[in-house]
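Computed from the coordinates by the stated procedures, all read-outs in this text should not be read as laboratory data. Just so it is clear, the structure is predicted and the values come from calculations on it, not from any experiment. Glycine gets a Cβ as well: all are built from the backbone with ideal geometry, and neighbour counts include every protein chain shown.
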Amino acid sequence: MENLKAFFMRRPERLLGRCGMLFLMAFFVMNLSSCNDDFIEDNGGEIIPPEEIVIPPVYMLLDGPYKWGVVLTQNEDSSYTIETTNGDPWATAGLFKEDVPEECNVLEFEYQTEMGMSNLELFFADAKDGIDATHSMSAGSVPASTDWASFSVRLKKYRQEFDWGKVKDFLRLDFGDQPNNIIQMRNIRLRTMNDEEKQEEEDENKKIFKELNRIVVQDQLYLSPELSREDLAQIVHLNNARFARMIKENTGTNFNGYINELRINYAIQLLKQHPNYTIRAIADEAGFNSTPILYSMFKKKTGMTPYEFKKTQESLG
């Protein structure tokens with residue numbers, strides 16, 4: 001009887017244990033299903049990531065508040081016929097109803113014109129100051145074409161520099177200096193950069209950095225403790241955001257890391273050439289504001305303190 005009682009006493013515990021195990025197994029299966037939402041397995045067994053988010057283009061109409069030297073007609077197919085009446089024809093697009101995504105950095109449109117456009121100029125107008133001649137760029141000439149052709153220009157630098165693309169900002173387009181020109185335009189839009197355009201920007205950054213680095217090294221600008229990121233950005237005429245990205249792409253570090261690397265290399269040269277210099281003198285000569293900063297950066301690069309390096313050089317001498 002006691003054995004039978006013990007059996008029934010243990011039975012609820014066994015049932016609870018089994019229920020608990022079933023619950024854990026169900027939880028595990030649900031988690032596996034959740035993981036499959038992020039990575040999908042195709043028929044070949046290959047794990048592929050989810051599709052990349054596609055940012056749609058922002059379309060613009062030439063229905064802005066200002067125009068000059070043009071007769072502007074919107075056709076039934078939503079294209080525009082632009083007839084220039086003087087040597088300074090231009091029109092404005094409508095005001096943005098919402099902020100333009102920062103990734104939409106390419107202006108593109110389709111066009112037809114027998115005469116072409118000698119120089120397409122763009123003015124980045126904002127809600128506060130309107131059209132400002134200093135907030136503009138030349139997009140170059142637009143070739144003549146009797147068939148529908150595409151024209152595009154990258155705006156990333158100018159969008160960042162002029163902080164343009166917010167609600168109620170707008171774009172002014174100047175259509176060259178030719179009167180009596182007939183231009184057809186359609187699908188005027190701001191879109192994201194394609195792979196080719198991204199590569200073009202990267203190549204430009206490499207070229208700019210090469211020239212900047214030549215100036216910084218040749219003129220030993222890095223030896224000035226007062227040197228700032230803004231100082232170098234002005235040399236190459238880049239805004240702070242693009243300058244920081246250029247430094248990162250070409251050095252793998254930021255502005256401070258780039259300049260401190262040059263300073264440490266110079267400090268190493270000084271320690272080799274002038275073993276009688278004090279560590280404080282080395283720090284001052286190399287452009288460091290303090291000796292502790294030199295010690296920290298020096299040990300990070302060489303694995304030794306400046307004092308230890310100095311002693312090593314003396315023993316080799």
- Message: Distance between the C-alpha centers of the range 176-196 and the range 72-142? Whole Å please.
- Response: 7
- Under 22 Å from the Cα of Lys166, which lysines turn up, not counting those fewer than eight places away in the same chain? Lys67, Lys97, Lys128, Lys156, Lys157
- Query: Of Ser228, Phe209, Leu238, which is farthest along the charge dipole of the range 170-243 in the positive direction, counting Lys and Arg as +1 and Asp and Glu as -1 at C-beta?
  - Reply: Leu238
- Starting from the coordinates of the alpha-carbon atoms of the range 73-219, obtain the Kirkwood hydrodynamic radius over all distinct pairs and give the value in Å to one decimal. 16.8
- About its Cα centre, what dipole magnitude does the range 61-104 give when the only charges are +1 on Lys and Arg Cβ and -1 on Asp and Glu Cβ, stated in debye to the nearest 20? 260
- Note on the structure: Restricting to Cα pairs under 8 Å and 6 or more apart, the percent relative contact order of the range 191-257 works out to 27
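Just want the ordering: Lys157, Lys301, from fewest to most Cβ atoms lying within 10 Å of their own Cβ.
Lys301, Lys157
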